[in-house]
Protein chains: 2
Amino acid sequence: MARVVVDVMLKPEILDPQGQAVNRALPRLGFDGIVDVRQGKRFEVELEGPADEAALARVREMAEKLLANTVIEEFRVRVEG
Amino acid sequence: MARVVVDVMLKPEILDPQGQAVNRALPRLGFDGIVDVRQGKRFEVELEGPADEAALARVREMAEKLLANTVIEEFRVRVEG
């Protein structure tokens, strides 16, 4: 069994209100030195078999169809040690 | 400027309805060989300065106070290449 992680983030040119809300709350909470915060999604996908090229291709297809909205989001698939 | 990533996931013993929804949609979409999917959050935090121990300690505090609900969620802070 292998774990593959899919990170989904809004594209850089898309406004990220959740990240902005966090960013604006920071000074109030006494945190400085932080320039920007962006919030996205993380999916942990447990595969039945090994994380070989075929499995990763399937996960990429799944990310494209189901996990990310590729109009406004970008995603990255990676195997987690 | 350095980027620190905070991954926030529900604790393993906490029910994850979003992940389950994804998991149940997979066979319908023709994806098999996936045992489990869990959904969490990913925060990309851009620091003004370097990601040294002091900065990471601050981000950990920030995760604890603002980004994660530590009653039901666990988080991990790491520097991204």
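The values are calculated or read from the model by the stated rules, or taken from the named source; none is laboratory data. On a predicted model such as this, the values are computed, not experimentally measured, just so you know. Ideal geometry is used to build each Cβ from the backbone, glycine not excepted, and the neighbour counts take in all protein chains shown. Remember, those area values only see protein heavy atoms, side chains included, never the ligands or the DNA or RNA. Shrake-Rupley method; radii C 1.70, N 1.55, O 1.52, S 1.80 Å.
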How big is the equivalent ellipsoid of chain B along its three axes, where each semi-axis is √(5λ) from the Cα gyration tensor, reported in whole Å from largest to smallest? 31, 15, 8
Once the in-chain neighbours fewer than 8 apart are removed, the lysines whose Cα is under 30 Å from residue B:65 read A:11, A:41, B:11, B:41
Hey, with R₀ at 22 Å, roughly what FRET efficiency would residue A:57 and residue B:36 work out to, going by the Cβ-Cβ distance, to 0.05? 0.65
Once both axes come from the Cα atoms, what is the angle between helix B:53-62 and the longest principal axis of chain B, in degrees from 0 to 90, rounded to 10? 50 degrees
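Taking the Cβ of residue A:74 as the center, what net charge do the other residues with Cβ under 14 Å away carry, scoring Lys and Arg +1 and Asp and Glu -1?
Within the 14 Å Cβ shell, the charges total +2.
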Between residue B:71 and residue B:15, what is the FRET efficiency for a Förster distance of 22 Å, r being their Cβ-Cβ separation, to the nearest 0.05? 0.95
Taking H placed 1.01 Å from N in the peptide plane, check which residues at least 5 places from residue A:36 or on another chain put their amide H under 5 Å from its amide H. B:46
Net charge, residue B:54 excluded, C-beta distance under 15 Å - Lys, Arg +1, Asp, Glu -1: -3
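Rolling a 1.4 Å sphere over the protein heavy atoms, what is the accessible area per residue of chain B, to the nearest Å²?
Details: 4350 Å² over 81 residues.
About 54 Å² of surface per residue is accessible.
Kindly provide the helix-only [θ] at 222 nm of chain A, computed as the sum of -39,500 (n - 2.57) over DSSP H runs of four or more divided by all residues, to the nearest 500 deg cm²/dmol?
Numbers: 2 runs with 22 residues, N = 81.
Dividing the helical sum by the residues of chain A leaves -8000 deg cm²/dmol.
Which net charge results when you count Lys and Arg as +1 and Asp and Glu as -1 among the other residues whose beta-carbon is under 14 Å from that of residue A:5? Let's see the in-between values first.
Values: positive: A:3, A:41, A:42, A:60, A:76, A:78, B:38, B:41, B:42, B:76, B:78; negative: A:7, A:44, A:46, A:80, B:7, B:36, B:80.
Value of the local net charge: +4.
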Put simply, what bits of the range B:48-70 lose 10 Å² or more of accessible area when the other protein chains are there, versus the chain on its own (1.4 Å probe)? B:48, B:58, B:61, B:62, B:65, B:66, B:67
In nm, what does the list of distances from residue A:18 to its counterparts in the other copies look like, shortest first, when each label sits 7 Å along Cα to Cβ? 0.5
Looking only at A:58, A:28, A:38, which one moves most when chain A is put into a Gaussian network model with springs between Cα atoms under 10 Å? A:28
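Counting only protein heavy atoms and using a 1.4 Å probe, what share of the accessible area of the range A:22-81 belongs to carbon plus sulfur, as a whole percent? List each step's numbers first, then the result.
Working: 1610 of 3270 Å².
Percent of accessible area from carbon and sulfur atoms in the range A:22-81: 49.
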Give me the accessible area buried between chains B and A, both sides summed, with a 1.4 Å probe, in Å² rounded to the nearest 100. 3000 Å²
Could you identify which residue out of A:29, A:67, A:47 has the top mean-square fluctuation in a GNM of chain A using Cα springs shorter than 10 Å? A:29
Acute angle (nearest 10 degrees) that the helix B:17-28 long axis makes with the longest principal axis of chain B, alpha-carbon atoms: 40 degrees
Across 10 Å bins beginning at 0, the whole-percent shares of Cα-Cα pair distances in the protein assembly as shown come to 10, 37, 34, 16, 3
